[in-house]
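The values are calculated or read from the model by the stated rules, or taken from the named source; none is laboratory data. Keep in mind the model is a prediction, meaning the values are calculated, not measured. All Cβ positions, even for glycine, are placed from backbone atoms using ideal geometry, and neighbour counts span all protein chains on display.
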Amino acid sequence: MTHDLSEDITGDQESKNYQNKSENTWREYFSFNTDHKVIGVQYMVMTFIFFLIGGLLAMLIRAELLTPESNLVDRPLYNGLFTMHGTIMIFLWIIPFNAGLSNYLVPLMIGARDMSFPLLNAISFWILPPAGLLLLSSFFLPNGTAQAGWWSYPPISLQVPGDQFINGEFIWIVSLVLIGISSIMGAVNFVTTIFWMRAPGMTFFRMPVFVWSVFSAQLLQLINLPALTAALILLLFDLSFGTQFFKPDANGDPIIYQHLFWFYSHPAVYIMALPAFGIFAEVLPAFSRNPLFGYRSVAIATLGIAAVSIFVWVHHMFTSATPGWMRMTFMATSMLVAIPTGIKAFAWTATIWRSKLHLETPMLFAMGGAAMFIFGGVTGVMLAATPFDIHVNNTYFVVGHFHYIVFNTITMAIFAAIYYWFPKITGRMYAEGWGKLHFWLTFIPANITFFSMHPLGLQGMLRRVSSYDPQYQGWNVIASLGSFLLGASTLPFIANMVGSWLYGPKAVNNPWHATGLEWTTSSPPPPENFQEIPVVTKPPYDYGDPKYSVVLDADNGE
Amino acid sequence: MFSVFEYVLMAFYVAVLMIISRWIGQQAFSWMPPQATTEAQRVDDLFSFLVSIGVFIFLGLIGIMVYAIVFHRASPKDYSEGHPSRGDARLEILWTATPTLLVVWIALQSFNIYQQLNILGLNQIVHLHTPLESAPAYAATVSDVPKPASETIDVFAKQWDWSFRYPNNVTSNQLHLPINRSTRLNLQAQDVIHGFYVPEFRLKQDIVPGRKINLVLTPIREGKYRLKDSQFSGTYFALMETDVYVESLDKYNQWLTQTANSEQTPANQAVAENIQPPKTLFNSGWYTVAPAQPAVANKRKLTNDT
Ligand code: HEM
Ligand SMILES: [Cu+2]
Ligand SMILES: [Cu+2]
């Protein structure tokens, strides 16, 4: 699979000269650097560390839920654990990981030398480590972290010890505002870059779907994130400066907070999911040797999902004193999302249908993730049906549903991306056997863990409870054991990544015989990405073109 | 594009899928807790319908993927094209139309069933008249005026305690409901947002401090259930539960008179835990709001005036 075709494919004779230029420079990953590739790697490595921390917290939560009684952590700590778990996973794992991956790939994919604003790009990244550390530091406050869940709904989030100005909730808000500022700066950069920095010939309908996804997701950041920032700032005022925006006992309205919050946090689901769909659209064609089925409709569906997702936020509030007309309106808009997502799911399936499948690790993760998305999507439509949602809202059914999305789909897609672009990023191949082991250790326990949550929710087990009725124990034990296995699955992954980065066999420019500009430059790419800015003349996903299918010298490489 | 044989195979596949999904859809009823209200029956019908369609879609797509994995593996060095078709306009139209139709169907079903529930009455905010006329007369619009009820019970939620005031001014920490009668629950919260939830009723409603929210339901199955707080409400959230009894009108009235004459100080788990925390392996000792001692019932002073 690692046949060096770069010369036959691109005629880029000089690429070899660049090959070693950016190696042995691990130091630059710890420094303020404006190269989008370095920044991309910085993001990805840092967020993975937060993923491990968030995962440890999840395992503690699941350990508490092994038994019906509250016996591992006391109740305030339990509340802190799920609050921090949710916050870290969303705001310090998936969203910034996507920013990192997009940072690495977008300029390469559109044939640009860097992002539009390299300095801004570096600043966006460097806001995150202090913000993350600040958030974690709240574990050491005398009264601990925020305990109101990652939603931080008032008035519960305003219940803090009266005599302390610096409390967990305060720190939580400040870190989130910082992270939001970083995201907005990133979004400006992505949208500008994709709009203005495309190589000659790279029309919108020649862009890979991954770029479409990043474009749509970052537009959502620009449009919707200000609502969350506003909500958080008002909340901070209520918390620390005596205002009464959300305080019901002083004529404030806590429901307004929910509207502002979900106006961002529903689209945030797609800010997380769209790049994952983009990854599927890159990996599935490459490993089935087919053009992406219905490329144009998939590209338009990407923008369509983003557009519709702005108008569905009230489906998180069906039980929040929401009047009937609003419930029905938002039920209808929520269901609309199923149309563009349905188009995507069908397109992935049609791409795989009757193809020539190569089941290497990236493909396993992509197919596994796509399949799990279909499950999560089906339960998502169920939740949009108001009468059913009224029963399962705030139960483990919802927790199961969104983990099928955030873990079984998005995190799986992220792993697919890491394996797929690992040779490009590091210039080395990962160990395939370890990769496959990692896949099975992830895929099976993830389903054990998160499937079990659905029957629990149907039976009425509420989320965010630190103890529960004994009748629920069976499925809880299964879910907890699954989650411990899931935790263990990261070990072969880390070993593989570290080992292969240091000692893996050298990778060629295009180990997967994939289309896409990023594969035409050297692995790893030189500082300015391309020797010469490429001129694009072909549609994307041009699999079937002999250039990508004929292996000239089959025994070369490895 | 396909041979006759392949069309027959596909038709067979679809037929098998329909049988399987219908069967699983029927099973779905047994995944739910017992149906204790008329509303629960409607919700379960909808759930069964959603499961049938969901299984059809899920197995349909997964089946194609598994088929490809089994029959369409490439030999390791074969990087030639998978199949020659570059997209097929007819298929694309079909695959846009399919989810659209399914979604419209699901939305109409859900709308219908929501009308039949007619459960929530926020102090009437907006009236939306829809052209869809079906179902019983009083439910022809999505109305914010709940259907008339024969009984009204006040429900008070606070951290972390439920109490109820009955028509004859009796207050108690237990919820008693007469069977087969529609009862209006007048929900009020004192401090933070709580949620009214009895899984067997399939109904859930947040109780927002400062707002009066009505919920109308009709229990149809005698028994003892648990009322849970469904909206995270702080440290002792998991303990905010109480008993719900659905019983005959006679028994209900009997209980009312009996309770009117007794004074009770019910045990509250949150209070107990606040005084005597359970032993846990890790003890953070972080801040918690102290739960108020529950008011003595039937002294006709319930603290709900916020
Ligand atoms: C690594 C495996 C994971 C496990 C075992 C796990 C487990 C859990 C558990 C048990 C809860 C508590 C549910 C509750 O009481 O409400 C939870 C909540 C949550 N998880 Fe995860 N999770 C995992 C990964 C993730 C990922 C990747 C995300 C990414 C977004 C995520 C996001 C959340 C969120 C947002 C919540 C809600 C927190 C809240 O209720 O405030 N989780 N998870
Ligand atoms: Cu949503
Ligand atoms: Cu409560």
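Taking the numbered list (1) part of a helix (DSSP H, G or I); (2) closer than 30 Å to B:PHE232 by Cα; (3) touching a helix residue (DSSP H, G or I) at 6+ places or on another chain (Cβ under 9 Å) in turn, A:TRP325 passes all entries but (3).
Under 22 Å from A:ASP389 (Cβ atoms), away from every other protein chain (no Cβ under 14 Å) and either out of contact with any helix residue (DSSP H, G or I) (no Cβ under 8 Å at 6 or more places or on another chain) or more than 16 Å from ligand 2 (Cβ to nearest atom) (or both), is that true of B:PRO199?
Spelling it out, it is not the case that B:PRO199 is under 22 Å from A:ASP389 (Cβ atoms), away from every other protein chain (no Cβ under 14 Å) and either out of contact with any helix residue (DSSP H, G or I) (no Cβ under 8 Å at 6 or more places or on another chain) or more than 16 Å from ligand 2 (Cβ to nearest atom) (or both).
The set of residues in region B:164-185 being in a strand (DSSP E or B) and within 26 Å of B:PRO34 (Cβ to Cβ) consists of B:PHE164, B:SER172, B:LEU175, B:HIS176, B:LEU177, B:PRO178, B:THR183, B:ARG184, B:LEU185.
Here A:PHE375, A:PHE346, A:PHE388, A:PHE365 are screened, and the one residue that is within 16 Å of ligand 2 (Cβ to nearest atom), part of a helix (DSSP H, G or I) and touching a Phe, Trp or Tyr at 6+ places or on another chain (Cβ under 8 Å) is A:PHE388.
Okay, residues lined up against (1) touching an Asp or Glu at 6+ places or on another chain (Cβ under 9 Å); (2) within 16 Å of ligand 3 (Cβ to nearest atom); (3) closer than 26 Å to B:LEU187 by Cβ:
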| position | (1), (2), (3) |
| --- | --- |
| A:LEU292 | yes, no, no |
| A:VAL298 | no, no, no |
| A:ALA306 | no, no, no |
| A:HIS316 | no, no, yes |
| A:PRO323 | yes, no, yes |
| A:MET326 | no, no, yes |
| A:VAL337 | no, no, no |
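Does B:ALA149 satisfy the condition of being away from ligand 2 (no atom under 16 Å from the Cβ), farther than 30 Å from B:GLY54 by Cβ and modelled with pLDDT under 90? It is true that B:ALA149 is away from ligand 2 (no atom under 16 Å from the Cβ), farther than 30 Å from B:GLY54 by Cβ and modelled with pLDDT under 90. The strands (runs of 3 or more DSSP E) falling completely within region B:213-294 that include 1 or more residues that are more than 7 Å from every other protein chain (Cβ to nearest Cβ) and among the aromatic types (Phe, Trp, Tyr) map to B:223-229, B:241-247. Residues of region B:217-239 that are farther than 15 Å from A:ASN79 by Cα, crowded, with 22+ Cβ neighbours inside 10 Å and either over 16 Å from the mean Cα position of the chain (by Cα) or at pLDDT below 90 (or both): B:LEU217 alone. When the residues of region B:240-255 are filtered to those that are buried (at least 18 other Cβ atoms within 10 Å of the Cβ) and among the aliphatic types (A, V, I, L, M), the one that is farthest from B:SER182 (Cα to Cα) is B:MET240. Considering A:ALA148, A:ALA58, the condition of being of a type in the set (A, V, I, L, M), within 11 Å of ligand 1 (Cβ to nearest atom), within 11 Å of another protein chain (Cβ to nearest Cβ) and touching a residue at least 24 places away in the same chain (Cβ under 8 Å) is satisfied by A:ALA148 alone. Please verify whether A:PHE373 is at the interface with another protein chain (Cβ under 8 Å from one of its Cβ atoms) and closer than 22 Å to B:LEU94 by Cα, treating the condition exactly as stated. For A:PHE373, the condition - at the interface with another protein chain (Cβ under 8 Å from one of its Cβ atoms) and closer than 22 Å to B:LEU94 by Cα - is not met. As a summary of the residue check, A:LEU66 satisfies the conditions (1) surrounded by fewer than 24 Cβ atoms within 10 Å (Cβ to Cβ); (2) within 10 Å of chain B (Cβ to nearest Cβ) except for the one numbered (2).
For region B:1-20, the set of residues classified as within 11 Å of chain A (Cβ to nearest Cβ) and within 32 Å of the chain's Cα centre (by Cα) is empty. The criterion of being crowded, with 23+ Cβ neighbours inside 10 Å, in contact with a Leu (Cβ under 6 Å, 6 or more places away or on another chain) and assigned to a helix (DSSP H, G or I) does not hold for A:TYR257.
Among the conditions (1) out of contact with any Phe, Trp or Tyr (no Cβ under 8 Å at 6 or more places or on another chain); (2) within 16 Å of ligand 1 (Cβ to nearest atom), A:VAL308 misses just one, which is (2). Could you tell me whether any residue of region A:248-255 is within 16 Å of ligand 1 (Cβ to nearest atom) and closer than 22 Å to A:GLY168 by Cβ? Within region A:248-255 (the criterion being within 16 Å of ligand 1 (Cβ to nearest atom) and closer than 22 Å to A:GLY168 by Cβ), the answer is no, since none of the residues qualifies.
Going by the conditions given, is A:PRO142 modelled with pLDDT under 95, within 14 Å of chain B (Cβ to nearest Cβ) and buried (at least 21 other Cβ atoms within 10 Å of the Cβ)? So A:PRO142 fails the test. Of the helices (runs of 4 or more DSSP H) that lie entirely inside region A:440-558, those containing 3 or more residues that are modelled with pLDDT under 95, more than 14 Å from chain B (Cβ to nearest Cβ) and within 30 Å of A:ASP35 (Cα to Cα) span A:490-503. The one condition from (1) more than 20 Å from A:GLY324 (Cα to Cα); (2) within 20 Å of the chain's Cα centre (by Cα); (3) touching a residue at least 12 places away in the same chain (Cβ under 8 Å) that B:ALA290 does not meet is (2).
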